[in-house]
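Structure record follows, encoded as C-alpha cells.
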Amino acid sequence: MNGTWVDILIEAHRIFGILIIVYVALSAGVYLFLTAAAGFSLWRDRDLSEIQYSTVLETELVPPLSIIVPAYNEEINIVGSVRSLLSINYKQFEIVVVNDGSKDRTVPIMLEEFDMTEVKGRVPFSGLKKETKPLRAVYRSLRHPNLVLVDKENGGKADALNVGINVCRYPYFVSLDGDTVLDADAFIKVVKPIMDARPGEEIVATGGSVGIANGSEVDSGYLSSESVRLSHKPLVVMQVVEYLRAFLMGRIGLSRYNMLLLVSGAFGVFKKSWVVEVGGYETETIGEDMELTVRLHELIRRKNSKARIVYVPEPVCWTEAPESLTILKRQRTRWHRGLYESLRAHKKMIFNPRYGRVGMISMPFFLLVELLGPLVELLGYFTVITGFLLDRINVEISLMLALVMLLFGSLMSTMSVLFEEWRFHNYNRISDTFRLFFYALSESFWYRPVMTWWRTEGLFQAIRGKKHGWGEMTRVNVLGANKKPGTIQGAQPVPPEKKE
C-alpha cells in the first residue's frame, strides 16, 4: 500500500513539474513578445522631432479639460496643490476639487484662499446613472472662474470621482491621484494622441508613464527632467526598476495592439461621454482604475467601434513610493486584490472571442501570468523541494534551470532600464544609471521572492473576501521636503484612507 502511494506521489510530482515548466516557458514567451513590441515601438519613434508644445497649444484641436481632484483632510497641502494646477501649461481647462467629507479645515481654507462663493440653485449634472453620496454645497472662485469646489459627504475616491464627472463641463476629464507631481507638459502629452487620431478613430482614454519622485527635487508641484534623481534607498530603487518594466515594456506592447487594461489612477485622461455610458467608477472595488478601463474595452467591442485606449511612453507624472516594508506590503497586497476583483467582475470576457484581442490575449495574460503567476512560482519552489525529498530530481539540472529563470527575470528588468536610458534618459547622472542596472540584475535574488509572497497573500485575501479598503499609506513627504507653508508639499489632495 505504501509503495502504491509513493508511486502515485512520484507520478503526480512528474506531471506537475512538466506543467510548471510549460507554464514558465509560455510566460517567458509572452514577456519576450511584449519586450520586442515595446522595443520596436520605441525604435520606430526614435527619429521623431521634439514636440513643440507651445505651438501645439495654439491649435484649435486642443480639447478643453476638466481636472478632477478628490480631497480628504488636506488643509496643509490643498492651497499649494490647487495653485500648481492653476498654473499648468494648457489652453482651456477647469479644476473641480471634490472635498470628500473632510474633517479638518480643507473647505474653509479653500473658500478663504480662493475667494469662493456658493453656487445657488440646481447644479447641472452630466447624467451619470450612479448614486453618489449627497452634496453639501458647490462653490466657484470669484478670482478664478475655472475653479470649482464640491463639498460632499464621505464616500471614497471612486465616489468623489463620480461626483466630479457629474459636475465637470468639458468633454474630457483628468483623474489625479493624491500624491501626483506633474511634468510641466503633462497635459499636452496625454491629449496629443487625441489630437492625432486618424479619421474614424476615437481615443476614449490615454495615460502615460508614472515615475518615482523619491530623491528628486520638486519645485512648486512640478518635476523637471533636470531635477530627477535616484533615491539612495534600495527598496525605492527596486520600485523604480519595477515601474520601468511595467510601463516601458508591458504597457507599450499592450497599447500597440489596443489591449491595454489599465490607465493608471495616478494620471489619466478619459472621454466623459464614454465613461458616463459605462456607468462611471465602481465604488465597491479597490482597483477602480483597471475596472473602468476593462468596462471601456467591453463597450468598444459591444459597439463594434474603432475606439482606442492609448498609452504614452513619455513620463507625465511622478509619485511617492513607499519607503518601508510594511507600507509596501500593504500596497502590493491591495493591488493584487484589486486585480482579482477586476478579473472576477469581467470573467465573461476571458477567453471569449467576442472581445477580440482583449478577451483572447490580454485578459488571459492578466489572469494566468499577472494574477496566478506568484502562486505558480511558489508552487514551483515547493515542487523542487518535494523532488529533493523524493529523490526524483537531478540536482545539477534543477539548479541550472533555476539559475536560468532567475537570470531571465533580471534580464527583463535590465532591458527596461536600457529602454529608459536609450529613449528618455531621465536619470542623467552616471552613478544613478549604474545603480539602476545593478539593482535590476539583483532583483530576482531578493526583491522578487518577497513580492511573490506578498502578491500570493493578496490573492488569498481576495479569495477569502477581504473587504476593500485603501489602508493607511503613511507618507514621508519626500515630494515636498523643505518647502515653505503655502507651497505644494508634493501631494495632490488624497481620498479617504480607510483602515483595513
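Laboratory data are not the source of any read-out in this text; all were calculated from the coordinates shown. These numbers come from a predicted model, not from an experiment. Neighbour counts run over all protein chains shown; Cβ positions are idealised from the backbone, glycine included.
Put simply, the amide H of M116, placed in the peptide plane, has neighbours under 5 Å in L142, leaving out anything fewer than 5 places away on its chain. For segment 182-196, backbone phi angles converted through the Karplus equation (6.51, -1.76, 1.60; θ = phi - 60°) give residue-by-residue couplings of 8, 6, 4, 10, 4, 5, 5, 5, 7, 8, 4, x, 5, 5, 8 Hz, Gly and Pro being listed as x. Summarising the label geometry, the points placed 7 Å from Cα in the beta-carbon direction at F437 and L86 lie 4.7 nm from one another. Summing charges over neighbours of E420, with a neighbour being any other residue whose Cβ is under 12 Å away from its Cβ, gives -1 when K and R count +1 and D and E count -1. Between I95 and I67, L147, V148, the built amide H atoms are under 5 Å apart, and every one of these is 5 or more places off in sequence or on another chain. For segment 68-170, a crude dipole built from +1 on the beta carbon of Lys and Arg and -1 on the beta carbon of Asp and Glu, taken about the Cα centre, is about 420 debye to the nearest 20.
Segment 272-398 gives an Rg/Rh value of 1.10, both radii derived from C-alpha positions and Rh following Kirkwood. In order along segment 272-282, the phi-based Karplus estimate (6.51 cos²θ - 1.76 cosθ + 1.60, θ = phi - 60°) of 3J(HN,Hα) comes to 4, 4, 5, 5, 5, 5, 8, x, x, 7, 7 Hz; Gly and Pro are listed as x. Extension gain, W453 to S227, is 77.9 nm, computed as 0.36 nm per intervening residue step minus the present C-alpha separation. Take every pair of alpha-carbon atoms less than 8 Å apart whose residues are at least six positions apart; their mean separation over the length of segment 86-234 yields a relative contact order of 23 percent.
Using a 10 Å cut-off around each Cβ, can you sort L375, L42, L176 from fewest to most neighbouring Cβ atoms? Display every interim value, and only then the final one.
Working: L375 14, L42 18, L176 23.
Ranking L375, L42, L176 by Cβ neighbours within 10 Å, fewest first, gives L375, L42, L176.
Highest mean packing first, where packing is the average number of other Cβ atoms within 10 Å per residue, the peptides 149-155, 376-382 line up as 149-155, 376-382. Between amide H atoms placed 1.01 Å from N, distances below 5 Å from V312 occur with G207, G208, S209, all of them 5 or more places distant or on a separate chain.
Given R₀ = 45 Å, what would the calculated FRET efficiency be for R357 paired with V119, taking r from the Cβ atoms and rounding to 0.05? Calculated transfer efficiency: 0.50.
Express in whole angstrom the spacing between the alpha-carbon centres of segment 315-351 and segment 147-199. Spelled out, the Cα-based centre of one part sits 20 Å from the other. Computed extension gain for W446 through T326, at 0.36 nm per residue and net of the alpha carbon distance, reaches 41.6 nm.
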